[in-house]
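Okay, so here's the structure we're looking at.
Coordinate-derived values only; no laboratory data. Every value quoted in this text rests on a predicted model; they were computed, and no experiment measured them. With ideal geometry, Cβ positions are generated from the backbone for all residues, glycine too; neighbour counts draw on all protein chains shown.
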Amino acid sequence: MKEFFQSPKIKIFLSVLLVLIMLSVFTRNVENNVISATFNTLTYGMSKVTAAATSDNSDNKSYDELKKENEELKTANRDLRSRLVDYYEVKEENTRLWMFYELKKEHEDYTLIPATVLRRDTNDEFGSFTIDKGTESAVSVGDPVMGENGLIGWISEADVYTAKVVTILSPQTSIGAIDKATGDAGIITGSAKYADDNLTMLSKLTSENKIEKGDIITSSGSSGIYPKGMVLGEVTEIGYDTYDTSRYAVVKPYDDISTVVNVAVISDFKGQGEILKKESGD
Amino acid sequence: MSERSNSFFRYLAYVIELILTFILCTTPGLLPEIFGAKPALVVCVALTVAVFEREIPAMIIGLLAGILTDLGYTDSIGIFAISLTIICFIVGYAANNLIVAKFFNYLLYAFVAVGLLFMIYFLVIFVIPGTEHMWDYFVAHIVSRMVQTFLFSIPFYFINHFIYSTLSPEAG
């Protein structure tokens, strides 16, 4: 055995193996390499002859037949492509509606209008956007707008077919809110300091508040503009306002407002506008 | 015939065998698929030659068979060329020095060599890249190809045994 490993045979074997490995690397990395080209040239004639000898002549078709078949295939392809587009649209619509199905089940009094974000206002750093539903779909100014996981904004302008949404990241927003765990109340309003990070603020908290990180903030429903108990986000930080000595909490919405695509407008809900009516009646 | 001419015609016969089996395997519609695969006839030739010849001629036939198999399918020298070169060299050495290649011993060689060859192929092409549903492919195609290659190598054993005994150096 020892002699075998010292014999010229093993040296030849190892040399051949080395060359093979090099050739393997070469033929794998170089397209149209000499070795493959030579092999293909050598076997081309042979393959042609054997393929011709075994070919099934029933597949031979005239030019006109092929042309006709090609036209038929093109038409079928066009039809299938159009069906595929329809399929994707229906699938997307289905996903969008399913998203709000649970919400509707939970709050039967809500009238939901599913909508899609048409465009985003690039000049607004607070994430405002335009949706594809307007007054024709019963959308009106002031209606709350839901994302997949909670309230994300409200309708500020409504045209016939589109509407503009101001988000809860904007300082224009003012929503009465409450900490579900402690019952501390405040106002949700956006801040230029936090908006870039998809954060908003729960301001006007009393100095005795017991808010803690991780608490869930919901709408209080006190104004009659937003339904009671809609999730707004989670407390991530508690701060102190140096101007008016009040405290505030930084709230992170559960939706990424800058990327949200599918929303729902709540055009009607139980108790909508009741407080406003009372106030105007007084 | 002289010893030299015997050797020449013997090797020529092997090369013709390789070319014919390559044509049989690669020509569309010539060999039917059985259970999702065709036998690798070129491998059958290489293995049966390897049990009769010494290490270096066995290695060269394995090398040629491997290159034909690789270039015939993938346009690059690779797994079959390297594996068959190694396997044929080892079979050539073992058949001459360890276990003499009588028919039943040949079955043992063929069983181990064919199994090893296709397991290396499966490992490199399917397992290492993590191909999805690789075991389905293994059951549906690789096992069938291994079994067929093993079985088809039996007639080649007798053909090459005849060629070797007729055109061996001793016969001259």
- Query: Can you work out ³J(HN,Hα) from phi for every residue in the stretch B:50-55, in order, using Karplus 6.51 cos²θ - 1.76 cosθ + 1.60 and θ = phi - 60°, giving whole Hz and x for Gly and Pro?
  - Reply: 4, 6, 9, 8, 7, 4
- Hey, can you grab everything whose amide H is under 5 Å from the amide H of A:T236? Only 5+ residues off in sequence or another chain; H modelled, so Pro and N-termini drop out. A:G214, A:V250, A:V251, A:K252
- Note on the structure: Quick note on A:K9, A:K164, A:K210, ordering by fewest other C-beta atoms within 10 Å, gives A:K210, A:K9, A:K164
- Task: Kindly provide the chymotrypsin sites (Phe, Trp or Tyr not before Pro) of the stretch A:188-245 that DSSP labels as loop, not H, G, I, E or B, and whose Cβ sees at most 13 other Cβ atoms within 10 Å.
- Result: A:Y243
- Query: Computed on alpha carbon atoms, what radius of gyration and Dmax characterise the stretch A:101-281, expressed in Å?
  - Reply: 15.8, 47
- Task: Would you mind ranking A:F129, B:F162, A:F13 so that the residue whose beta carbon has the fewest other beta carbons within 10 Å leads the list?
- Result: B:F162, A:F13, A:F129
- Query: Stokes-Einstein D for the stretch B:3-167 at 10 °C, 1.306 mPa s, Kirkwood Rh over Cα pairs, in µm²/s?
  - Reply: 99 µm²/s
- Excluding the sites themselves, what is the longest stretch of chain B that contains no GluC sites (Glu not before Pro) in a DSSP loop with at most 10 other C-beta atoms within 10 Å? B:1-131
- Query: So what's the angle, to the nearest 10 degrees on a 0 to 90 scale, between helix B:3-26 and the longest Cα principal axis of chain B?
  - Reply: 20 degrees
- Virtual spin-label span in nm between A:R78 and B:L108, 7 Å along Cα→Cβ: 7.1 nm
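Do any GluC sites (Glu not before Pro) in the stretch A:76-183 lie in a DSSP loop with no more than 15 other beta carbon atoms within 10 Å, and if so, which?
Counting only loop positions with at most 15 other Cβ atoms within 10 Å, the GluC sites (Glu not before Pro) in the stretch A:76-183 are A:E108, A:E125.
Listing A:L118, A:L202, A:L14, B:L71 from the residue with the fewest other Cβ atoms within 10 Å to the one with the most, what is the order?
A:L14, A:L118, B:L71, A:L202
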